[in-house]
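Asker: This is the structure I have questions about; it appears just below.
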2 protein chains.
Amino acid sequence: MSRFFIAGSNIKGGTAIIRGRDAEHVHVLRLRPGEDMVICDGQGTDYKCRLVKADKEEVEAEVLEVVRCPAEPSVRVTVLCGLPKGDRTDYIIQKSVEAGAHEILFFHAKRCIAKPDEPEKKLGRWQRIAEEAAKQSGRGVIPQVGWAGEFVDVLNLAIQKDLALFLYETGEREPLDQVLEANRQIRSAAVITGPEGGFEPFEADLARISGLHVCAMGERILRCETAPVVALTALMYATGNLS
Amino acid sequence: MSRFFIAGSNIKGGTAIIRGRDAEHVHVLRLRPGEDMVICDGQGTDYKCRLVKADKEEVEAEVLEVVRCPAEPSVRVTVLCGLPKGDRTDYIIQKSVEAGAHEILFFHAKRCIAKPDEPEKKLGRWQRIAEEAAKQSGRGVIPQVGWAGEFVDVLNLAIQKDLALFLYETGEREPLDQVLEANRQIRSAAVITGPEGGFEPFEADLARISGLHVCAMGERILRCETAPVVALTALMYATGNLS
């Protein structure tokens, strides 16, 4: 069923109004009065609606049922990735949204090859990728994509979560499954992965000192764009959000 | 450390010989006598070696230590995907190899848009993608990529495994975590996912009748190229191969 996001203020008294780009989209999809659609307020609530009238500028739909979006996980995960080169960001955003991320933030790590001043220019496009992926995968929120800043900002953000995982491919690490099995009831988490060249040992040390769980994900070396999705999937599985 | 695959017959009496494309690769990487490298027999055994001499045609290395490749999972998973369009196959191959697949096979399902006669032409390229991903991620085998044929061939292949998962996004399904938690000790598995449009209900019925576990992976709709990696990751996590 077609899925649209609108601000909550446009749903009043059993009627939903869509304007702008999404109204055009309804038009392009050739949805007709009488057809059903889902309108989401972007806060995790789905409005199952029946189309009343649709033209290019404005769409009106009758609200039939209001439900919590079943696709939203019970845990809000902030995915934090060392900024990679090129379109790897796009891949990370799309797959993380599908896998259930609440927020996707990039940051500057020592081994980043991509320039930290580039992200500002790309935020608009990144957010559109997140929105498209949210619609396609049936999400109830549009995950925010943003720039977390420097590595210390990431640590400060991570320690505010119920669980903070720092995925690192060498040295002393905790087994991911033991950490996750001791944290099945968490409501928020941070998942931190490195750029192409991984993290510097001093970055892992800082994470450890800050109380983050420095974890292994098996002995296979994952690409920087694969690691966030694998970590997120393990977390969703362990917290009962993959069944 | 640089990683190369050679046939077992080229390692004899404590000396490993590399010829052809991999010898050229050693040359390109400018590895010098005295430097260490890992040579893998492609059967899960790693030979830690020290380079003795290297020219463009032939490389000779002294074997220092023989170990089981730590990156190889304890369960051999055959990933079976309804053939998708375009380069989604490449993505599925690369990410499945990183995530620990033993074998990746495509097949024809009712809703496939891609033509089933195309795969024959692409097998060489697919296998090279698997080989590159195996080297990069430190795998001990090069997963085979192939064509499984029609849907009934997939069912026949799947029922020979210790566990066969059929990922389906609607209707009556078993929770993935319950199925996996009851199968932590398996040695082989099949993970079956659909093409772009998903499976037809009759295909899910056939899978159910054949004794496969028809499972959900949460309420988020995953793209056809995302589903295999997510399913494989859940399986690796549940069988203790992600820590």
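The values are calculated or read from the model by the stated rules, or taken from the named source; none is laboratory data. All values reported here derive from a predicted model rather than from experimental measurement. Cβ placement follows ideal geometry from the backbone for every residue including glycine, while neighbour counts extend to all protein chains displayed.
Asker: Based on what the data block shows, is A:VAL179 at negative phi, within 20 Å of the chain's Cα centre (by Cα), free of Cβ contacts under 8 Å to residues at least 60 places away in the same chain and within 13 Å of chain B (Cβ to nearest Cβ)?
Answerer: So A:VAL179 does not fit the description; no.
Asker: Residues in the stretch B:170-183: is at least one closer than 22 Å to A:PRO228 by Cα and not in a helix (DSSP H, G or I)?
Answerer: no
Asker: Ok, one more. Kindly indicate whether B:GLY42 is within 30 Å of B:LEU165 (Cβ to Cβ) and touching a strand residue (DSSP E or B) at 6+ places or on another chain (Cβ under 9 Å).
Answerer: Spelling it out, B:GLY42 is indeed within 30 Å of B:LEU165 (Cβ to Cβ) and touching a strand residue (DSSP E or B) at 6+ places or on another chain (Cβ under 9 Å).
Asker: What's the number of the condition B:LEU157 fails, among (1) surrounded by fewer than 24 Cβ atoms within 10 Å (Cβ to Cβ); (2) under 17 Å from B:ARG76 (Cα atoms); (3) within 14 Å of another protein chain (Cβ to nearest Cβ)?
Answerer: Here B:LEU157 clears every test but (3).
Asker: In the stretch B:71-94, is there at least one residue being of a type in the set (A, V, I, L, M) and more than 20 Å from B:THR193 (Cα to Cα)?
Answerer: Yes - at least one qualifying residue is present in the stretch B:71-94.
Asker: Which of the residues that make up the stretch A:192-243 are touching a Cys at 6+ places or on another chain (Cβ under 9 Å), more than 8 Å from chain B (Cβ to nearest Cβ) and surrounded by 18 or more Cβ atoms within 10 Å (Cβ to Cβ)?
Answerer: Selection gives A:ILE192, A:THR193, A:GLY194, A:PRO195, A:GLY198, A:CYS224, A:GLU225, A:ALA227, A:PRO228, A:ALA231.
Asker: Look at B:PHE199 and say whether it is within 22 Å of A:MET1 (Cβ to Cβ) and touching a helix residue (DSSP H, G or I) at 6+ places or on another chain (Cβ under 9 Å).
Answerer: yes
Asker: Now a separate question. Taking the options B:ARG111, B:ARG128, B:ARG68, name whichever one is surrounded by fewer than 22 Cβ atoms within 10 Å (Cβ to Cβ), of a type in the set (D, E, K, R), within 14 Å of chain A (Cβ to nearest Cβ) and out of contact with any strand residue (DSSP E or B) (no Cβ under 6 Å at 6 or more places or on another chain).
Answerer: B:ARG68
Asker: Output yes when any residue across the stretch A:223-231 is among the aliphatic types (A, V, I, L, M), under 17 Å from the mean Cα position of the chain (by Cα) and under 23 Å from A:GLN160 (Cβ atoms), and no when none is.
Answerer: The answer is yes; a qualifying residue exists.
Asker: If you don't mind, another one. Within the stretch B:187-214, can you find the residues that are of a type in the set (A, V, I, L, M, F, W, C), out of contact with any Pro (no Cβ under 8 Å at 6 or more places or on another chain) and closer than 23 Å to A:ASN241 by Cα?
Answerer: Of everything in the stretch B:187-214, those that are of a type in the set (A, V, I, L, M, F, W, C), out of contact with any Pro (no Cβ under 8 Å at 6 or more places or on another chain) and closer than 23 Å to A:ASN241 by Cα turn out to be B:ALA189, B:ALA190, B:ILE192, B:PHE199, B:ALA204, B:LEU212, B:VAL214.
Asker: Only one residue in B:LYS85, B:LYS110, B:LYS95 is within 17 Å of the chain's Cα centre (by Cα) and either touching a residue at least 60 places away in the same chain (Cβ under 8 Å) or at positive phi (or both), so which one is that?
Answerer: Step by step, each of B:LYS85, B:LYS110, B:LYS95 is checked, and only B:LYS95 is within 17 Å of the chain's Cα centre (by Cα) and either touching a residue at least 60 places away in the same chain (Cβ under 8 Å) or at positive phi (or both).
Asker: Please work out which residue is farthest from B:ALA61 (Cα to Cα), limiting yourself to the stretch B:5-43 and to residues that are surrounded by fewer than 15 Cβ atoms within 10 Å (Cβ to Cβ) and in contact with a Gly (Cβ under 8 Å, 6 or more places away or on another chain).
Answerer: Across the stretch B:5-43, the extreme among qualifying residues is B:GLN43.
Asker: How about the stretch A:131-146: which of its residues are more than 14 Å from chain B (Cβ to nearest Cβ) and among the charged types (D, E, K, R)?
Answerer: Residue satisfying the conditions is A:GLU131 alone.
Asker: Yes or no: the stretch A:193-204 includes at least one residue that is farther than 30 Å from A:ARG21 by Cα, in a strand (DSSP E or B), assigned by TED's automatic domain parsing to the domain that holds A:LYS85 and among the polar types (S, T, N, Q).
Answerer: Yes - at least one qualifying residue is present in the stretch A:193-204.
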